[in-house]
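What follows is a short report on a single structure.
The values are calculated or read from the model by the stated rules, or taken from the named source; none is laboratory data. Quick caveat, the model's predicted, so the values are computed rather than measured. Here the Cβ positions follow ideal geometry from the backbone for every residue, glycine too, while neighbour counts run over all protein chains shown. Only protein heavy atoms, including side chains, enter the accessible area calculation; ligands, DNA and RNA are left aside. Shrake-Rupley method; radii C 1.70, N 1.55, O 1.52, S 1.80 Å.
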Amino acid sequence: MGKIFEMTHPLILHKLTYIRDENTGNKNFRELVEEVSMLMAYEATRDLELIECEVKTPVAKTKSKVLAGKKLGIVPILRAGLGMVEGIIKIVPHAKVGHIGLYRDPETLKPVSYYCKLPIDISEREIIVVDPMLATGGSAVAAIRKIEEHNPKGIKLMILIAAPEGIAEVQKECPDVDIYVAAIDEKLNDHGYIVPGLGDAGDRLFGTK
């Protein structure tokens, strides 16, 4: 069974409070999502392998560590997942970025796919799927299954706010996927929104209604 990593870092929890706040404007909301995504990526990449190398400082030669060449891919679920990408690639700039377009049918709450473009060398990469919200889990499961068709080295899911129902669905349908989440909220309401949540992440990122 995949593990759940719920963030406890004070900076993440502090910034998440302002992300939730309905009075936070679009500009600040985007900046906060980017910052929290960068902090979460720090945790999600903790298991990257290192190799030893030699460097010469201004004082002397020394042994040090560098990444062992493990390749990463970032795949946002459109459209809200786009808000998380920039923060991640600021600390892993060589990661490639794919895109999966899914929207949730407002009546059935089931995901509908409309776009998929993944790195050509995805079979050589560890993939981090990103989306601010994990509500019913349908979109995340659909995205993960689409990526699995291309045989990546591994898949992780990184979410800002999740409902218990969404986590349960991902664990049931994609049991090998680790989930990194900033907060696990109370429940879904009758409209499939996370409570207390943060509203519609896409609208708040891009200023739409």
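What the table below lists for this structure:
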item	result
Only one of Ile144, Ile161, Ile179, Ile100 that is touching a helix residue (DSSP H, G or I) at 6+ places or on another chain (Cβ under 9 Å), among the hydrophobic types (A, V, I, L, M, F, W, C), at pLDDT 95 or above and in a helix (DSSP H, G or I)	Ile144
Whichever residue in the range 9-32 is of a type in the set (A, V, I, L, M, F, W, C) and within 14 Å of Val181 (Cβ to Cβ) and, among such residues, is most open to solvent (accessible area, probe 1.4 Å)	Leu13
Lone unmet requirement of (1) open to solvent by 50 Å² or more (accessible area, probe 1.4 Å); (2) part of a helix (DSSP H, G or I); (3) of a type in the set (D, E, K, R); (4) modelled with pLDDT of 95 or more for Lys63	(2)
Conditions (1) among the aromatic types (Phe, Trp, Tyr); (2) surrounded by 18 or more Cβ atoms within 10 Å (Cβ to Cβ); (3) touching an Asp or Glu at 6+ places or on another chain (Cβ under 8 Å); number of the one not met by Phe5	(2)
So Arg125, is it on the phi < 0 side of the Ramachandran plot and in contact with a helix residue (DSSP H, G or I) (Cβ under 6 Å, 6 or more places away or on another chain)	no
Residue in the range 50-72 that is hydrophobic (A, V, I, L, M, F, W, C), in contact with a Phe, Trp or Tyr (Cβ under 6 Å, 6 or more places away or on another chain) and in contact (Cβ under 8 Å) with a residue 24 or more places away in the chain present	no
Test: residue in the range 113-132 that is over 16 Å from Arg145 (Cα atoms), under 15 Å from the mean Cα position of the chain (by Cα) and surrounded by fewer than 20 Cβ atoms within 10 Å (Cβ to Cβ)	no
Some residue of the range 10-33 being out of contact with any Cys (no Cβ under 6 Å at 6 or more places or on another chain), within 18 Å of Ile88 (Cα to Cα), of a type in the set (Ser, Thr, Tyr) and part of a helix (DSSP H, G or I)	no
Subset tally (residues that are outside any loop (DSSP other than H, G, I, E, B) and either of a type in the set (Val, Ile, Thr) or under 18 Å from Glu173 (Cα atoms) (or both)) for the range 105-137	11
Residues of the range 182-193 satisfying the condition of being without any contact (Cβ under 8 Å) to a residue 40 or more places away in the chain and in a strand (DSSP E or B)	Lys187
Residue match in the range 79-93 (condition: within 15 Å of Ala44 (Cα to Cα), open to solvent by 30 Å² or more (accessible area, probe 1.4 Å) and β-branched (Val, Ile, Thr))	yes
Top-ranked residue in the range 36-51 [being among the acidic types (Asp, Glu) and assigned to a loop (DSSP other than H, G, I, E, B); ranked as most open to solvent (accessible area, probe 1.4 Å)]	Glu49
